[in-house]
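Presented below is the structure to which this report refers.
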């Protein structure tokens, strides 16, 4: 069972999500929280695998809560909920360590699939969404890691790990990378985990952002 915690200040939204997820045999909703300021205590108490969290809340927003969670040992995967796919807070959330985001009008089957995906350690962001977020970073004058820093971090990767990182930067899934590089999916997962460990990042989008920040030489181009 995948243990899920719901975080949203709207009780109707939480109720709807609980009913929706109640139909998935492999998912159990173990807790509900009505604001970001209760997330850490609830995670300690209920030990969820995935936190489904609203971006905007009155006392502590989801971005700040995701950042606090990312600083904890063995944190759960975080999926952010938003009403706008271009919300500037979404990008901040991904930088803070969230595994991805969902629109609140996402079809039920896709929400379940997203939870299963991040529980498995993958990103639920499609290549299109990943590229859009990278473009958004590039358009922000203050955003991104300085090129020299990105190059320095990427220099720690082996040639194969750099290949995998470049593929992640293009928004490819583990299955896509497996087919492109002729590796097993399990091997790709291991490489992705090692890449994130070496780069000191929490998710695939952060890998993609570093690839975008780097010079052509830094990514082997």
Residue satisfying condition, being surrounded by fewer than 23 Cβ atoms within 10 Å (Cβ to Cβ) and within 30 Å of residue 167 (Cβ to Cβ), within set 79, 60, 103: 103
Those residues of region 22-37 which are closer than 20 Å to residue 113 by Cα, touching a strand residue (DSSP E or B) at 6+ places or on another chain (Cβ under 9 Å) and not in a strand (DSSP E or B), in sequence order: 22, 24, 26
Which listed residue is touching a helix residue (DSSP H, G or I) at 6+ places or on another chain (Cβ under 8 Å), assigned by TED's automatic domain parsing to the domain that holds residue 75 and in a helix (DSSP H, G or I), from 40, 60: 40
Taking the residues in region 107-121 that are in a loop (DSSP other than H, G, I, E, B) and under 23 Å from residue 70 (Cβ atoms) as candidates, determine which candidate is modelled with the highest pLDDT. 120
Give, as residue ranges, the helices (runs of 4 or more DSSP H) completely inside region 122-177 that count at least 1 residues that are modelled with pLDDT under 80 and out of contact with any strand residue (DSSP E or B) (no Cβ under 9 Å at 6 or more places or on another chain). 127-139, 147-154
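The values are calculated or read from the model by the stated rules, or taken from the named source; none is laboratory data. Keep in mind the model is a prediction, meaning the values are calculated, not measured. Virtual Cβ from ideal backbone geometry, glycine too; neighbours counted across all protein chains shown.
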